[in-house]
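Here's the structure, in structure tokens; my notes come after.
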Amino acid sequence: MCGIVGYTGGRQAAPVVLDGLAKLEYRGYDSAGVAVSDGDGNIDIKKAKGKLKILFDLTDGGKSFNGTCGIGHTRWATHGEPSQNNAHPHCNDEHTIVAVHNGIIENYSQLKDKLTRRGYTFYSDTDTEVATKLVDYYYKKHGEPLKAISEFALHARGSYALAVLFKDFPGEIFAIRKDSPMVIGVTDGGALLASDVPAILKYTRNVYYTDNHEIVLLSKDGVAFYNLDREEISKTPTLISWDAEAAEKGGWEHFMLKEIHEQPEVVRNTVNYFLHDGKLDLSELQLSEDYLKGVSSITITGCGSAYHVGVVGQYVIEDIARIPVRVEIASEFRYRKPVLGGNELVIVISQSGETADSLAALREMKQQGVKTLAIVNVLGSSIAREADGVFYTKAGPEISVATTKAYSAQLIAMYLIALKLAEVRGTVGAQQYSSFKRELTELPEKIAKVLETKSEVQKFASQMMDKKDVFFIGRGVDYAVSIESSLKLKEISYVHSEAYAAGELKHGTISLIENGTLVFGTLTQKALAEKTVSNLVETASRGAYVAVLASQSVEGIPENFKKVFHIPDTDEHFTASLAVVVMQLFAYYLSVLRGNDVDKPRNLAKSVTVE
Ligand code: AGP
């Protein structure tokens with residue numbers, strides 16, 4: 001995710017901004033830039049592709065700038081590849097309006113067309129340059145920054161934390177946010193803004209959290225907040241008691257818990273990037289619609305949780321797009337001599353894009369001339385570079401070894417690819433297609449709803465402290481949820497667990513069920529729920545402690561089941577996105593209760609680059 005920083009006050013701005021950007025490096029980026037306005041409002045912009053050090057050296061630690069008001073940005077590329085041209089800050093042609101932005105302007109192409117018709121030209125591929133010129137358009141029209149910013153907000157759709165310098169208003173920064181985070185701080189004789197607390201904690205512990213559509217004016221006298229009608233509003237600052245290290249976790253105890261809670265934003269960003277104004281645009285994947293129409297079969301491969309995403313994808317793509325799909329563990333697939341279809345597409349899923357087995361499987365497929373698509377989270381990673389097409393998930397860097405938000409973003413990739421295949425092959429009707437799209441846009445709020453049950457999950461985890469063996473069972477997508485749930489539990493709590501297709505348990509493994517064995521059933525597939533309930537009853541009759549995770553409207557859950565968690569209803573193809581959140585929290589709290597190093601579990605690495 002991109003990071004923005006701004007400062008105005010009595011100090012030279014560039015060193016403060018660069019220092020703030022350094023505190024946001026954990027968000028991941030591929031380029032960086034700073035703009036500083038001097039006393040006369042002249043704005044100097046310097047930016048560079050690559051790590052912050054390059055910009056730091058280029059500007060002699062910021063000393064090459066002159067001015068006490070500036071903004072800066074670390075860019076995690078969404079629109080347009082990592083390049084000098086696409087790096088922020090962006091400006092209008094006259095260099096009198098300069099902006100930095102974190103987020104995604106969904107309707108940027110329509111806005112770009114509108115501005116082009118009004119004579120604007122563009123030097124970059126970014127939605128941020130469009131946003132900057134939209135502000136310029138309204139500033140030229142109304143001659144007042146607050147009005148220009150509010151008009152921007154009324155016309156731009158999507159997510160943004162936008163900070164703007166106006167030459168006509170030296171020493172002042174105007175900012176606004178919607179869905180992307182932005183914090184504001186007041187320090188002695190100045191004010192700061194940033195995407196996250198770590199960037200300003202050195203200067204102040206009194207932080208204002210801006211709400212959607214609040215406009216902020218920062219000056220050396222402090223800050224003022226306005227609504228879209230430009231009426232001043234008052235806000236109360238929050239005192240930050242965290243230390244610097246905790247601040248990087250946004251005040252969360254662990255990166256894993258922070259990343260679990262970032263899932264609504266990550267899912268929203270990934271959905272909105274590809275699905276906007278009702279249109280699903282996967283052209284970035286470099287796979288033409290004609291090609292997709294002719295795909296005869298699909299193999300999905302990956303390791304660990306990435307493989308588990310593929311299992312969800314198999315159910316969803318086969319059901320929606322009616323194409324044969326198989327899922328292969330990459331470390332096996334790379335050594336098999338698979339018989340591939342005539343027009344086979346191989347999808348390689350990998351958060352890091354560097355997993356050795358997944359990379360080897362990709363290379364094997366390319367050697368055989370098979371078309372390959374990568375679903376990765378890390379820009380420019382090996383798998384991304386070597387695949388024919390790339391679906392970049394918008395999860396931002398994932399620090400915790402146990403994947404959560406990247407897994408959820410990969411699920412969205414599976415859903416969107418399934419929808420695109422169905423669209424080009426005409427396997428779903430218009431009404432059903434619209435319903436799928438609507439459900440996807442509603443997922444972030446539903447995930448947020450599931451997160452509200454975290455204390456219930458935490459309590460359950462404390463009651464399960466003594467469990468030595470845990471079985472997760474389900475059918476269909478619920479089986480795919482079970483295998484991910486089991487892995488999450490094992491890898492961070494070190495409690496032994498197995499996942500089973502519910503119908504398979506009775507073929508041997510049920511002999512392991514003893515009095516008190518925890519069996520956790522997932523019930524989101526209505527047509528299969530009754531059968532899974534029977535399987536759970538079979539375990540209960542052998543003494544199992546049965547817990548259930550069910551969609552709200554699933555009925556027929558026996559009273560004697562010990563614990564029932566409910567999640568909001570959604571289209572049954574997408575329930576894994578909601579169910580997995582409960583299981584992530586369960587694993588997390590059990591790990592914390594057992595005193596484990598949640599973010600860096602024993603024996604594990606974030607990316608397994610060895611075979
Ligand atoms: C998931 O929580 C684990 N950290 C692990 O299974 C991981 O999913 C696997 O190693 C694959 O990593 P990748 O997605 O980076 O390829």
**Residue selected from the range 574-593 under the condition of a type outside the set (A, V, I, L, M, F, W, C) and within 18 Å of the chain's Cα centre (by Cα), by the criterion surrounded by the most Cβ atoms within 10 Å (Cβ to Cβ)** = Gln584
**Whichever residue in the range 483-514 is among the polar types (S, T, N, Q) and modelled with pLDDT under 95 and, among such residues, is farthest from Asp571 (Cα to Cα)** = Ser511
**Complete:** Of those in the range 391-412 that are of a type in the set (Val, Ile, Thr) and surrounded by fewer than 24 Cβ atoms within 10 Å (Cβ to Cβ), the residue farthest from the ligand (Cβ to nearest atom) is Ile399
**Request:** Determine if the range 242-253 includes at least one residue that is on the phi > 0 side of the Ramachandran plot and open to solvent by less than 70 Å² (accessible area, probe 1.4 Å).
**Result:** yes
**Prompt:** Among the residues of the range 311-330 satisfying the criterion of being acidic (Asp, Glu) and touching a residue at least 12 places away in the same chain (Cβ under 8 Å), which is farthest from Leu292 (Cα to Cα)?
**Reply:** Glu328
**Members of the range 581-599 found to be of a type outside the set (Phe, Trp, Tyr) and closer than 23 Å to Val548 by Cβ, listed by number** = Val581, Val582, Met583, Gln584, Leu585, Ala587, Leu590, Ser591, Leu593
**Prompt:** Of the residues that sit in the range 20-47 and are open to solvent by 10 Å² or more (accessible area, probe 1.4 Å) and among the aliphatic types (A, V, I, L, M), which one is farthest from the chain's Cα centre (by Cα)?
**Reply:** Ile43
**Item:** Members of the range 376-390 found to be assigned to a helix (DSSP H, G or I), open to solvent by 10 Å² or more (accessible area, probe 1.4 Å) and within 11 Å of the ligand (Cβ to nearest atom), listed by number
**Value:** Ser382
**Fill in**
Of the residues in the range 595-611 that are open to solvent by 70 Å² or more (accessible area, probe 1.4 Å) and within 8 Å of the ligand (Cβ to nearest atom), the one that is farthest from Ala461 (Cα to Cα) is Val608
**Residue ranges of strands (runs of 3 or more DSSP E) in the range 259-352 with at least 3 members open to solvent by 20 Å² or more (accessible area, probe 1.4 Å) and within 16 Å of the ligand (Cβ to nearest atom)** = 325-329
**Request:** Starting from the range 568-580, keep only residues that are closer than 16 Å to Val548 by Cβ, then list their pairs with residues that are among the β-branched types (Val, Ile, Thr) and at pLDDT below 95 whose Cβ atoms are within a distance under 7 Å, requiring at least 6 positions of separation or different chains.
**Result:** none
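Residues checked against (1) surrounded by 22 or more Cβ atoms within 10 Å (Cβ to Cβ); (2) assigned to a loop (DSSP other than H, G, I, E, B):
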site	(1), (2)
Lys467	no, yes
Phe472	yes, no
Asp478	yes, no
Ser485	yes, no
Lys488	yes, no
Glu491	no, no
Ala499	yes, no
Gly503	no, no
His507	no, yes
**Request:** Return yes or no: is Leu528 surrounded by 16 or more Cβ atoms within 10 Å (Cβ to Cβ) and either assigned to a loop (DSSP other than H, G, I, E, B) or within 16 Å of the ligand (Cβ to nearest atom) (or both)?
**Result:** no
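Condition check ((1) at pLDDT 95 or above; (2) among the hydroxyl-bearing types (Ser, Thr, Tyr); (3) farther than 23 Å from Leu443 by Cβ) across all residues:
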{"site": "Lys279", "(1), (2), (3)": "no, no, no"}
{"site": "Gln286", "(1), (2), (3)": "no, no, yes"}
{"site": "Thr299", "(1), (2), (3)": "yes, yes, yes"}
{"site": "Val309", "(1), (2), (3)": "yes, no, no"}
{"site": "Gly313", "(1), (2), (3)": "yes, no, no"}
**Qualifying position, being over 26 Å from the mean Cα position of the chain (by Cα) and within 16 Å of the ligand (Cβ to nearest atom), among Tyr494, Tyr545** = Tyr494
**Asked** Here are some conditions: (1) of a type in the set (A, V, I, L, M, F, W, C); (2) within 15 Å of the ligand (Cβ to nearest atom); (3) farther than 16 Å from Arg602 by Cβ. Ala501 meets all but one. Which one does it not meet?
**Response** (2)
**Request:** Need at least 1 residues that are more than 29 Å from the chain's Cα centre (by Cα) and in contact (Cβ under 8 Å) with a residue 40 or more places away in the chain per element, so show me which strands (runs of 3 or more DSSP E) inside the range 102-201 make the cut, counting only ones lying wholly within it.
**Result:** 158-166, 183-187, 190-194
**Prompt:** When both residues are 6+ apart or on different chains and their Cβ atoms are under 8 Å apart, which pairs have a first residue that lies in the range 412-437 and is free of Cβ contacts under 8 Å to residues at least 60 places away in the same chain, and a second that is open to solvent by 30 Å² or more (accessible area, probe 1.4 Å) and assigned to a helix (DSSP H, G or I)?
**Reply:** Tyr433/Glu423
**Prompt:** Has the range 219-226 got at least one residue that is open to solvent by 10 Å² or more (accessible area, probe 1.4 Å), part of a strand (DSSP E or B), away from the ligand (no atom under 16 Å from the Cβ) and basic (Lys, Arg)?
**Reply:** no
**Item:** One residue from Pro181, Pro170, Pro145 being more than 17 Å from His101 (Cβ to Cβ) and either open to solvent by 10 Å² or more (accessible area, probe 1.4 Å) or not polar (S, T, N, Q) (or both)
**Value:** Pro170
**Prompt:** In the set Leu154, Leu165, which member is open to solvent by 10 Å² or more (accessible area, probe 1.4 Å) and either of a type in the set (D, E, K, R) or modelled with pLDDT of 95 or more (or both)?
**Reply:** Leu154
**Matching option when the condition is at pLDDT 95 or above and in contact with a Gly (Cβ under 9 Å, 6 or more places away or on another chain), among Ala413, Ala448** = Ala413
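The values are calculated or read from the model by the stated rules, or taken from the named source; none is laboratory data. Remember, predicted model here, so these are calculated numbers, not experimental data. All Cβ positions, even for glycine, are placed from backbone atoms using ideal geometry, and neighbour counts span all protein chains on display. Please note that ligands, DNA and RNA were not included when accessible areas were found on the heavy atoms of the full protein model with its side chains. Shrake-Rupley method; radii C 1.70, N 1.55, O 1.52, S 1.80 Å.
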